[in-house]
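**Student:** Below you'll find the structure I mean.
The values are calculated or read from the model by the stated rules, or taken from the named source; none is laboratory data. Remember, it's a predicted structure, so these values are computed and weren't measured experimentally. Accessible surface is based on the protein model in full, side chains and every heavy atom, while ligands, DNA and RNA are left aside. Shrake-Rupley method; radii C 1.70, N 1.55, O 1.52, S 1.80 Å.
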Amino acid sequence: WTLLIDKTKKDMPKDLYLPMLLSSLFALLVTVLGWSAFGKVEEQSKLDVSELISTNYIPSVFLIILLVQFMMMIVDRVIYLKKSMIAKYIYQVIIVLVLHSYLFIFQPWFTRESFRSMAAWIAWYIFFCCYFALSAFQIQSGYPRLHTDSIILRTYGYVTYVIYLGYLAVPFLWELEVLLNWVCTETTLTLDYWIKLSDIKVYLFKLKCWQVTDESSYHLGEKQPAY
């Protein structure tokens, strides 16, 4: 507990939130693509995701697993913003125990299938093992002392610009990030001013990406093309 509380003993703090988030997103993708492996589904077991949506039928177990994974990512984000090592340690222990109990005890009993026979379970477990390993390294190294605005707004270029546009295209994802940042950050700004500040950062990021892209296509001082 002393090592978790004392931040001065963390020599080289690292920010591993992005790879942890990617591991969680890949596990969520496995849940979506292999939805029939996470519950008893009889008549609709041969449908893919698009056909499942068109039939207006969502299995309850599949929906619960999606909501739980989504809530896990939100809790992990809050812990990251608060930089609480004790909360991260307790969360890690609880998630490890719950996931192994679910995957190796409850799920085989519920579906009458073995773990080795389900490829979706194996892939799901591999991505969560990657998440657990990264979380362990995060606990060992500690969170960085300096707070960064976003995990995406760190490099400028055409690739990051396209990725960020895809991120903004997801409904309510940017608004959720802004709300979590405002709740978990000590600030004198009200929510509406915080949203305006975040919107300005997004606009400046887009301008910087275009500036870096344009600078690579021509030399400074050259005449701009007509188009």
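**Student:** Per 0.36 nm of contour for each residue apart, how much would the distance between Q211 and C184 grow if the chain were fully extended, relative to their Cα-Cα spacing? Don't skip to the end; give the middle numbers.
**Tutor:** Numbers: separation 27, 0.36 × 27 = 9.72 nm, distance 3.21 nm.
So the extension gain works out to 6.5 nm.
**Student:** Which value, in Å² rounded to 10, gives the accessible area of L29 with a 1.4 Å probe and all protein chains present?
**Tutor:** 90
**Student:** So how do W124, W210, W194 rank on accessible area, 1.4 Å probe, biggest first, that is with the largest at the start?
**Tutor:** Working: W124 10, W210 115, W194 35 Å².
Output order, biggest surface exposure first: W210, W194, W124.
**Student:** Keeping all protein chains in the complex and leaving out DNA, RNA and ligands, what accessible area do you get for L81 with a 1.4 Å probe, in Å² to the nearest 10?
**Tutor:** Rounded to the nearest 10, the figure is 10 Å².
**Student:** In addition: Just how much of K196 is accessible, in Å², when a 1.4 Å probe is used and the result is rounded to the nearest 10?
**Tutor:** Rounded to the nearest 10, the figure is 120 Å².
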